[in-house]
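Asker: The structure under discussion is supplied below as structure tokens; questions concerning it will follow.
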Amino acid sequence: MLNQSCIMCKQRSSAVLCVTCSKDIVISIKSPPSPSHPLLVDMQTIVAANNITVLGWYQWPIDTLIHLIKFKQRVGFCRLLSHGFIRYALPTHDLPSVIIPMPSSWWKSMCRGYNTPSILSQMLGKKLNIPLLNNYLKVGLTATSQHHLSRTKRIDKHHGFYCSSNKPRLTHVALVDDVITTGSTMRSAIKALRQYNPDLRISVWCMGMTSLDGINPSSLT
Ligand SMILES: [Zn+2]
């Protein structure tokens, strides 16, 4: 076991996570950004959500955890993030009646075999006893990967979201995503959700948020 290395920092460790990384994760998860943080208030306006709850900034160690989940099949870390989100970030009052995972395009799910927001939503729903609304919000075949696009192009892109023809009666939903960057994808998803339900209250639940334009989030607190 001694030649094993920590999955996050690659230093020698007898456990999957070394003591230092474990401590960093606990510190980060226990200190989510306040909903009144200027960057969260800005993002709330950009995406037109009723409120946004974020577990942490998309920086060490949250960024590495999310990368391991999305690209290294370490989906077990979803439990750590979702339970930390409920315990330290989520206000307990005014919970939504359903949870909607941010859908991914069919080919992305095919490549990865799973959709991270769906796994996070399942864990959040189970812990909070809130049902999931799967296959309601969908993404069309025209949506493409954003990895290679610049920030400006991402904002301008049409994301091809739509809702299924089966329209349930909804008043307040939580839209769950792993990372929010420019907010453009989220804004399109929210627009689609409100198309037939303009008064729908939408809470955005997100595990990591990048600071717009490279601003250090701590400098604004
Ligand atoms: Zn480590």
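The values are calculated or read from the model by the stated rules, or taken from the named source; none is laboratory data. Model, not experiment: these values are computed from the prediction. Because the Cβ atoms are built from the backbone with ideal geometry, glycine has one as well, and the counts that use them run over all protein chains shown.
Asker: So, restricting to helices (runs of 4 or more DSSP H) that lie completely within the range 14-74, which ones have at least 2 residues that are surrounded by 15 or more Cβ atoms within 10 Å (Cβ to Cβ) and within 16 Å of the ligand (Cβ to nearest atom)?
Answerer: By residue number, 19-29, 62-71.
Asker: Out of Pro101, Pro35, Pro96, report the one residue that is at pLDDT below 95 and within 27 Å of Gln195 (Cα to Cα).
Answerer: The unique qualifying residue is Pro35.
Asker: Against the condition modelled with pLDDT under 85, within 23 Å of Pro38 (Cβ to Cβ) and of a type in the set (Gly, Ala, Ser), how does Ser145 come out, does it pass?
Answerer: So Ser145 fails the test.
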